[in-house]
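Report on the structure given below.
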């Protein structure tokens, strides 16, 4: 074999930041080939999915609106995954956060005032935290795997939406549609740029990421999460409680998913509808990894994934690419990124020419 | 009796795909690999099986296509986790996201097109009496799942190959040092898991709802993963767990059909019940456990021989 792998004494920082970009690039190349091979316009698909959302300024506001929930949830997941806590039920916590906000909006329907929106947001965060507290409790008290519990709760929460909007929360004027009434003015998230759909959630997402970056890199809390994740024995020796870390990881990631949920229902939707679960919670898993579990990286990764969402819709209308293609591009990105991790830990060396050959 | 027999027959039909997928995952985990991509592999198997049934009408060919599709996508997971030592949890999740997207893309042309359900294996004359229906009233995958419970129990407990597989899962370094190919055994296990998940997925259009719907496996792959934990990695306990879930899902069907005391409960609660029951059984098993979990010691850890 002309090449061999050699373990690096320390993970390569260059590769750590280079591989996400390489993964996106490889996804474009391989995606174009695969989609051409199965009879679609492969180059067109890559152009529409990855470039049109950037070059067409009308799409920029869509990008911001789609990136905001991905960044908020992705930041929370990046903190949890750092601590080796596998919360993959962010979609469920997002849903319960949205439902908690909806509950406040409906309860205050006849009222108005600047206090309603903050109350909704608070309810959303608490809702997401409570829903994430279930896997935290089961993990810390009974050692039940948090991957399975958080995911099962996601499936259950979808049914909770269906029940609430079919029966107790159904819009009385909705002509039988399973949805709540449109929120009152005070319960709607304001836009920050007049005449666009860019709502308050967009700056909130950036602030969340910056604050999280500061906390993770500069505080004892951040240190604890990182140490428990990478060196659990050292963490125990250093007096960091593993159970406390699990609780913190799930509450933070659940609370942020809940925040994304309430911002989404008060912003773009302004009512609870069956289509509220939009897979942000699952896509944010890719965002967290593509962002290298670093809150600043998550901002970029969130924008990249938002581009594929917006671009996927564009490709659907312009070149008739099925919407499902977006998911394939997104998961390919994660595959390539994970494969690229090899280059972070190992380096490829050309094996030396054997001396016997030159002697002969 | 008039009610119990149809309930039991429906229960077995609902449980069998989960049982097949869970048996595959059990073998994968026994070899020390945690593949969380079962749901994705099932979906790919479901659309492959559906398409084959749609074009050929031969359900056995459809099952083979489902298995082949499952193997194909499981090898993506194999290459990443076994050859490139990627994180198994993240790679499994990626496989599920990929399988969901791939099946939705491949299935888009087939929406709202029905196929033929798979007929029972035995001639209907054998199943005329209700009691005989309980034994002879099912399609081939049901008998396949039962045979596989026994075969895998025998394979893991009584055969040399099964011993090697368990050794690889319990102590990969020792297995490596006495000359077994850890990576080779794990590739075989992952491919077997892919085949079983693919067959399980193909059962959905062939046995349960004779059409294609996006995400039609509805989390059953994840329930299969949970059942392996519930069963403490034992095939016969897996059988009991799968039938328990079959019962829960059958109750949902009866409740949705309308009359009786079951229909007083909102249908959404019934739909959520399999997932809540999964959490409940995981809690139960953790309470019953006395210290040892019976999980393969190398489960989820990449194999890193210090060469």
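The table for this structure:
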quantity	calculated
Any pair with Cβ under 7 angstrom, 6 or more apart, that starts in the range B:211-225 at a residue that is more than 11 Å from every other protein chain (Cβ to nearest Cβ) and ends at one that is crowded, with 18+ Cβ neighbours inside 10 Å and in a loop (DSSP other than H, G, I, E, B)	B:211/B:115
Only listed residue being surrounded by fewer than 17 Cβ atoms within 10 Å (Cβ to Cβ) and either at pLDDT 95 or above or not in a helix (DSSP H, G or I) (or both), chosen from B:150, B:192, B:155	B:150
Wholly within the range A:259-360, helices (runs of 4 or more DSSP H) carrying at least 3 residues that are within 14 Å of another protein chain (Cβ to nearest Cβ)	A:280-290, A:295-318, A:324-345
Residue check for residue A:180: within 14 Å of another protein chain (Cβ to nearest Cβ) and either under 20 Å from residue A:107 (Cα atoms) or crowded, with 17+ Cβ neighbours inside 10 Å (or both)	no
Per-region count, the range B:106-121, residues within 26 Å of residue A:40 (Cβ to Cβ), loosely packed, with under 15 Cβ neighbours inside 10 Å and in contact (Cβ under 8 Å) with a residue 12 or more places away in the chain	3
Single condition residue B:33 does not satisfy, out of (1) part of a helix (DSSP H, G or I); (2) more than 14 Å from every other protein chain (Cβ to nearest Cβ); (3) touching a residue at least 60 places away in the same chain (Cβ under 8 Å)	(1)
Test: residue B:75 is within 14 Å of chain A (Cβ to nearest Cβ), over 15 Å from the mean Cα position of the chain (by Cα), surrounded by 24 or more Cβ atoms within 10 Å (Cβ to Cβ) and part of a helix (DSSP H, G or I)	no
Selected residue (only one of B:89, B:96, B:56 is within 19 Å of residue B:223 (Cβ to Cβ) and surrounded by fewer than 22 Cβ atoms within 10 Å (Cβ to Cβ))	B:89
Segments classed as helices (runs of 4 or more DSSP H), wholly inside the range B:203-307, with at least 2 members that are at pLDDT below 90 and touching a helix residue (DSSP H, G or I) at 6+ places or on another chain (Cβ under 6 Å)	B:235-257, B:267-288
Single residue of B:141, B:120 found to be under 30 Å from residue B:243 (Cα atoms) and in a helix (DSSP H, G or I)	B:141
Subset of the range B:269-288 [within 17 Å of residue A:89 (Cβ to Cβ) and within 7 Å of chain A (Cβ to nearest Cβ)]	B:272, B:275, B:276, B:278, B:279, B:282, B:283
Among (1) in contact with a helix residue (DSSP H, G or I) (Cβ under 6 Å, 6 or more places away or on another chain); (2) surrounded by fewer than 24 Cβ atoms within 10 Å (Cβ to Cβ), the one test that residue B:81 misses	(2)
Some residue of the range B:79-95 being over 22 Å from the mean Cα position of the chain (by Cα) and away from chain A (no Cβ under 14 Å)	no
Every residue from the range A:141-177 that is in contact (Cβ under 8 Å) with a residue 40 or more places away in the chain and more than 14 Å from chain B (Cβ to nearest Cβ)	A:171
Failed item, numbered, when residue A:199 is tested on (1) farther than 21 Å from residue A:68 by Cβ; (2) in contact (Cβ under 8 Å) with a residue 24 or more places away in the chain	(1)
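Listed here are the residues, each with its yes/no results for (1) over 22 Å from the mean Cα position of the chain (by Cα); (2) under 25 Å from residue B:15 (Cα atoms).
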position	(1), (2)
B:123	yes, yes
B:139	no, yes
B:142	no, yes
B:164	yes, no
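The values are calculated or read from the model by the stated rules, or taken from the named source; none is laboratory data. Bear in mind that the values here come from a model prediction, so they are computed numbers and not experimental data. Methodologically, a virtual Cβ is constructed for each residue, glycine included, from the backbone with ideal geometry; neighbour enumeration extends over all protein chains shown.
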